[in-house]
Amino acid sequence: MNISQTSDVSMEYLGKFPRTVSNETKSASLNARYIFVIRYLSLYALLLIIIGTVGNLLTIVVLLRKNLRRLVTIRYLIIVSICDTISLYGWNLNNFYKFHISRISGNLEEISILHCRIISFMTFVSLQLSSWCLTAVSLVPVTTATAERSFSVFNRIKTYLRCTMSQQRLNHFIIPHIHKDKLDLLDLKSVCSDFISKNENKKTFFGAV
C-alpha cells in the first residue's frame, strides 16, 4: 500500500467521527424532548385524578338521594362511579409518581410485592367491574321498570285515599270483602231496618223500610 492510499483510508476513517457525534447529539435532544413531554403529561394525569375524583364523588352524592337510591339502575350507576374513581388511581398516579416523586424513575409496583399485587388487582378489577355494571344496566328487564312504576302509582293512590278517608273507613271496606261469603247470607232489608230503627233522626230521613 502506497502513501496516497494510506492517507485516503485515514481520511475516510476520521470522517466517521463527526457523523457519530452528530447522531449522539440528535439522540440526546430527542431524549430530552421526550422526557419534557412525559413530565408534563404526568402533571395532566394528576389533574385528571383530581377532577375525576371530585366529579365521581358529586355523582355518588346525587345518586344517593332518597328518591333515586331505591331504583335498581341507580344502584348500578353508583357502583360504576366508585369503580371509575378507583381506576383513575392506576396508570395516572403511577405516571405522576414515576416522573415527579421517585428518584430513580421507578413504578409504584416496584416498591414491593404487596404494592404490585394491590395496585394491579384494584386497577384491573375496577375496569372490568365497571364494564359489567354498565352491561347490567343495559340488560335490566322491562318488567323491573314496570314494577317500579306500578308501585309508585299504588303509593300515590294509597296517599290519596288516606288523605280523603280515614283509616277506619278503609278497614270497614276491607272487612266486608274478606267475609263476603258470610255477608251474602244476610238479609239486607232486615239489616237496614235495624239500622234505621235505632235513631229517630234516621227514621225521619230514610222513612219506613
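The values are calculated or read from the model by the stated rules, or taken from the named source; none is laboratory data. All of these numbers come straight from a predicted model, not from anything done at the bench. Note: ideal-geometry Cβ built from the backbone for every residue, glycine included; neighbour counts use all protein chains shown.
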Check: Within region 54-98, how many residues turn out to be part of a helix (DSSP H, G or I), farther than 19 Å from residue 134 by Cα and in contact with a Leu (Cβ under 9 Å, 6 or more places away or on another chain)?
Finding: 7
Next item on the list: List every residue pair whose Cβ atoms sit under 6 Å apart, with the two residues 6 or more apart in sequence or on different chains, where the first one lies in region 62-87 and is in contact (Cβ under 8 Å) with a residue 60 or more places away in the chain and surrounded by 14 or more Cβ atoms within 10 Å (Cβ to Cβ) and the second, anywhere, is of a type in the set (Asp, Glu) and not in a helix (DSSP H, G or I).
Entry: none
Item checked: Inter-residue pairs, beta-carbon under 6 Å, first assigned by TED's automatic domain parsing to the domain that holds residue 77 and in region 114-134, second outside any helix (DSSP H, G or I) and not β-branched (Val, Ile, Thr), 6+ apart -> 123/90
Item checked: From 34, 13, residue being modelled with pLDDT of 65 or more and in the same structural domain as residue 96 (by TED's automatic domain parsing) -> 34
